[in-house]
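Since the structure comes first, as structure tokens, the remarks are kept for the end.
Bear in mind these aren't lab numbers, they're just calculated from the coordinates by the rules spelled out. Everything quoted here is computed from the prediction, not taken from an experiment. Note that each Cβ is placed from the backbone with ideal geometry, even for glycine, and that neighbours are counted across all protein chains shown.
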Amino acid sequence: MNKNKIKKIIIPVANVYNKIYLNSYYKKNKINHNYELLDLNMKNKNILVMSPHQDDEIIGLGGTLARLSENNNITVLFLTDGSLISYENFPKKISAIRKKESDEVSSILGTNTSTLNFTNTTLDIERKKLENSIESMLKDNKFDIIFTPSVTDCTSDHRETSFALLNVLKSNKGDYLELYFYEINNSLQAGSINCISSLNINDIMSKRKLLDIYRSQKYIDFSIICINDREKRKMFRNNCYAVEIFHKLDFENMRSIIEKEKKCKEFENMKTTTSSIRLKKNMEYNLSYREKIESIFR
Ligand SMILES: [Zn+2]
């Protein structure tokens, strides 16, 4: 039997256990009362989603986007073109596949997309260029709200995206807008969360459908992402089906986080929790980062 067939059998069984594990994991958290609800009924806003890779936007806030795209103008900016240095023999091919998938997602959501075409995993070495590209994007467009990955994410491209953005925004208090960190690889699960999207079952079903369009990324267990969204609601006393979680930053927060860039590098050793089979092991390992996450936002 090949690996994929074995996975197909193991994952549903592992997820029964994962649900029980996550239930007690989140219940052990202190209930967070200091949060606001993201206004899912907002209208006519110009929204930018910074998405380092084609799928981050849906992993982090697919349910939220499914709702906000009904009445707002949303642009998803992909920072990379999907190619990987390690896929030396077919970088163009994987790039074309990922573009096709993200086009399908955006046509369902009715969002606009734009791509900066950096190669995956190179955003740290391309930092200056990255900042220039973001700066000109922001000059040409007036956004009311920006969603960007958390700076305490375990993937370098995710952190680099946000630090590049913060550096562009740092000197312009007059033009400061609503800025939110979103979660991709289980980085925000701590008292730092100060905003949540309260989602219903249809939002999560839409999210799952959108995730499934990213067929080339099937090594990620999309099922566990939606289970996690549901279980995370237990960190808040909120009567909803599931949540997507954010850290909303005011101008001063944003400025003080820029000074912590070096500290954020430590998060690259955190484990990604997008595997059903290794979920518990990785979540337990990541617990040692919880205090560090809190201190970044304090
Ligand atoms: Zn990513």
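Comparing Val151, Val105, Val243 in a Gaussian network model of the chain where C-alpha atoms under 10 Å apart are linked, the largest mean-square fluctuation is found at Val105.
Determine, at each q value in 0.06 (inverse angstroms), the log₁₀ of I(q)/I(0) that the Debye formula gives when each Cα of the chain is one equal point scatterer. One equal scatterer on each Cα of the chain leads to -0.18. The string of couplings for the stretch 182-187 from the Karplus curve (6.51, -1.76, 1.60, θ = phi - 60°) is 10, 9, 10, 10, 6, 9 Hz, one whole number per residue in order, with x for Gly and Pro. Dipole magnitude for the chain: about 1140 debye, using +1 per Lys or Arg Cβ and -1 per Asp or Glu Cβ, origin at the Cα centre. Each DSSP beta bridge with both residues in the stretch 20-297 is either parallel or antiparallel, and the antiparallel ones are about 30%. Number of Lys-Lys pairs in the stretch 1-71 with C-alpha atoms under 27 Å apart and a separation of 8 or more places or on different chains: 7.
Do any GluC sites (Glu not before Pro) in the stretch 23-116 lie in a DSSP loop with no more than 13 other beta carbon atoms within 10 Å, and if so, which?
Glu70, Glu88
Every helix of 4 or more DSSP H residues in the chain counts as -39500 (n - 2.57), and over all residues that averages to -14500 deg cm²/dmol at 222 nm.
Please state the relative contact order of the stretch 20-297 as a whole percent: Cα pairs under 8 Å, 6+ residues apart? It comes to 24 percent, rounded to a whole number.
Between Lys28, Lys262, Lys142, the Gaussian network model of the chain with springs among Cα atoms under 10 angstrom shows the greatest mean-square fluctuation at Lys262. Of Asp103, Asp124, Asp175, the residue with the greatest mean-square motion in the GNM of the chain, using alpha carbon springs below 10 Å, is Asp175. In loop segments of the stretch 181-227 as defined by DSSP, the chymotrypsin sites (Phe, Trp or Tyr not before Pro) with at most 16 further C-beta atoms inside 10 Å of their C-beta are Tyr219. Under the convention that each Lys and Arg Cβ holds +1 and each Asp and Glu Cβ holds -1, the size of the dipole of the stretch 232-280 around its Cα centre is about 380 debye. Normalised by 2.2 N^0.38 Å, with N the number of residues, the alpha-carbon radius of gyration of the stretch 187-298 equals 1.17. For Thr80, the residues whose amide H sits under 5 Å from its own are Leu116, Asn117, Phe118, ignoring neighbours fewer than 5 places away on the same chain, with H placed 1.01 Å from N. Under the combined filter of DSSP loop state and at most 12 neighbouring Cβ atoms within 10 Å, the stretch 30-109 retains these trypsin sites (Lys or Arg not before Pro): Lys30, Lys43. Contact order for the stretch 99-219, expressed relative to its length and based on alpha carbon pairs under 8 Å spaced 6+ residues apart, stands at 28 percent. Out of Asn253, Ser106, Gly60, whose Cα points farthest toward the positive end of the dipole of the chain (charges: +1 Lys, Arg; -1 Asp, Glu; placed on Cβ)? Toward the positive end, the furthest listed residue is Gly60.
Expressed as a fraction of 2.2 N^0.38 Å, the value expected for a compact globular protein of N residues, the C-alpha radius of gyration of the stretch 64-171 is 1.11. The ellipsoid equivalent to the alpha-carbon distribution of the stretch 86-242 has semi-axes of 26, 23, 16 angstrom, derived from the gyration tensor eigenvalues as √(5λ) and listed largest first.
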